[in-house]
Structure formats: C-alpha cells, structure tokens
Amino acid sequence: MDQLTKAWAVAALSDGRRVHLLGDWLTLVLLRNPGAAFSFATGQTWIFALIAIAVTVVVIRVSRRLGSMWWAVALGLVLGGAVGNLIDRLVRAPGVLRGHVVDFIDYGGWFVGNVADIAIVGAAVIIMVLSLRGRELDGSRAGAGRGRHAETDA
C-alpha cells in the first residue's frame, strides 16, 4: 500500500500542486524527506536505513514466538512501515542508503508523512495498549501464574 500510494503521489503531485482534502487541515503535497520524522538528521539517511534493516530482522525473528493476534497486527504494521520507508532509502535518489523518502500527506502544516508512517504510529498505539494491559507476545498476561509458585521462586 505504501509504495503504491507513493507511486501515485509522485505521478500526481510532481507539479507542486496541493490537493485540499479537509481545508488546510489535511492536504496532499509531494515532499522528498532526506531524514527521519520532521526531517530530523537530514544528513544521516544511511543510519535510518540501517535501523530499518535491524527492525525488519528483529520483527521477523520475534514473529516466531507470536501467539497473540494483536501483537501480530502491531508487529506487521511496524514491519510494513519500516520496509516501506526502507525501500525509498534503497532505491530513490540520491542513491542506495541515501534515498529520500516520499512524503505526501500534510497534517495541517504540522508534518508531512506517508502510509508507512501511519502504519508505524498505529503500531505504536497498539503496542502501548498491549503493554498497559500486560499482554505478552504469546498472548498470555504478564506475571500470570507467578502467585502459585512464589514460595519456591524465592
């Protein structure tokens, strides 16, 4: 989805046109981001590419232990978002590990992002809720079953 919407944005918005969806609150405008969120660390694109590669490897390894549908959804969103932006960093100008990420969804002038960013933020929300509810990757509750053997654990 991320790469398809980016291809559309490059084709439809390359002329500098801005499309207003909800007045000035939500618009579409094409930007190429050489850094991270909010164009942070614009000269360090290669670091974010390496981080995305590491996140991809970790998520794939952790996925073997998943027993929770919600953790699977959250980690799937993280994986999709990381890979979506990693593809840009690998194949877009100015070159491998330095490619600029295509951003096109402008949130009222606060920041401009893409579908990969939406996936990552959605994953962060799900992970926070799961963590607050004490849900483990395998679907169990954190600390479940400890009370019965507390005396032998000491």
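Descriptive notes on the structure:
- Checked across the stretch 127-139, the condition of being surrounded by 17 or more Cβ atoms within 10 Å (Cβ to Cβ), within 30 Å of residue 17 (Cβ to Cβ) and not hydroxyl-bearing (Ser, Thr, Tyr) holds for no residue.
- Residue within the stretch 32-40 that is of a type in the set (D, E, K, R), open to solvent by less than 80 Å² (accessible area, probe 1.4 Å) and under 19 Å from the mean Cα position of the chain (by Cα) present: no
- Pair list, Cβ under 6 Å, 6 or more apart: the stretch 18-37 residue under 19 Å from residue 120 (Cβ atoms), other residue of a type in the set (Gly, Ala, Ser): 33/39; 35/41
- Where residue 10 falls short, out of the listed (1) in contact with a helix residue (DSSP H, G or I) (Cβ under 9 Å, 6 or more places away or on another chain); (2) in contact (Cβ under 8 Å) with a residue 60 or more places away in the chain; (3) in a helix (DSSP H, G or I); (4) open to solvent by less than 50 Å² (accessible area, probe 1.4 Å): (1)
- Only residues that are open to solvent by less than 40 Å² (accessible area, probe 1.4 Å), touching a Leu at 6+ places or on another chain (Cβ under 8 Å) and closer than 24 Å to residue 11 by Cα were counted across the stretch 96-126, and they come to 9.
- Evaluation of residue 45 against (1) open to solvent by 20 Å² or more (accessible area, probe 1.4 Å); (2) at pLDDT below 95; (3) among the β-branched types (Val, Ile, Thr) (one fails), failing number: (1)
- A single member of 121, 115 is modelled with pLDDT of 95 or more and in contact with a helix residue (DSSP H, G or I) (Cβ under 7 Å, 6 or more places away or on another chain), and it is 115.
- Some residue of the stretch 90-102 being of a type outside the set (Asp, Glu) and assigned to a helix (DSSP H, G or I): yes
- Residue match in the stretch 75-89 (condition: surrounded by 15 or more Cβ atoms within 10 Å (Cβ to Cβ), touching a strand residue (DSSP E or B) at 6+ places or on another chain (Cβ under 7 Å) and farther than 23 Å from residue 126 by Cβ): yes
- Members of the stretch 56-68 found to be without any contact (Cβ under 8 Å) to a residue 60 or more places away in the chain and either open to solvent by 50 Å² or more (accessible area, probe 1.4 Å) or within 28 Å of residue 11 (Cα to Cα) (or both), listed by number: 57, 58, 60, 61, 63, 64
The values are calculated or read from the model by the stated rules, or taken from the named source; none is laboratory data. This one's a predicted model, so the numbers in the text were calculated from it and none came from an experiment. Reconstructed Cβ throughout: ideal geometry from the backbone, glycine too, with neighbour counts over all protein chains shown. Calculation scope for accessible area: heavy atoms of the full protein, side chains included, ligands and nucleic acids excluded. Shrake-Rupley method; radii C 1.70, N 1.55, O 1.52, S 1.80 Å.
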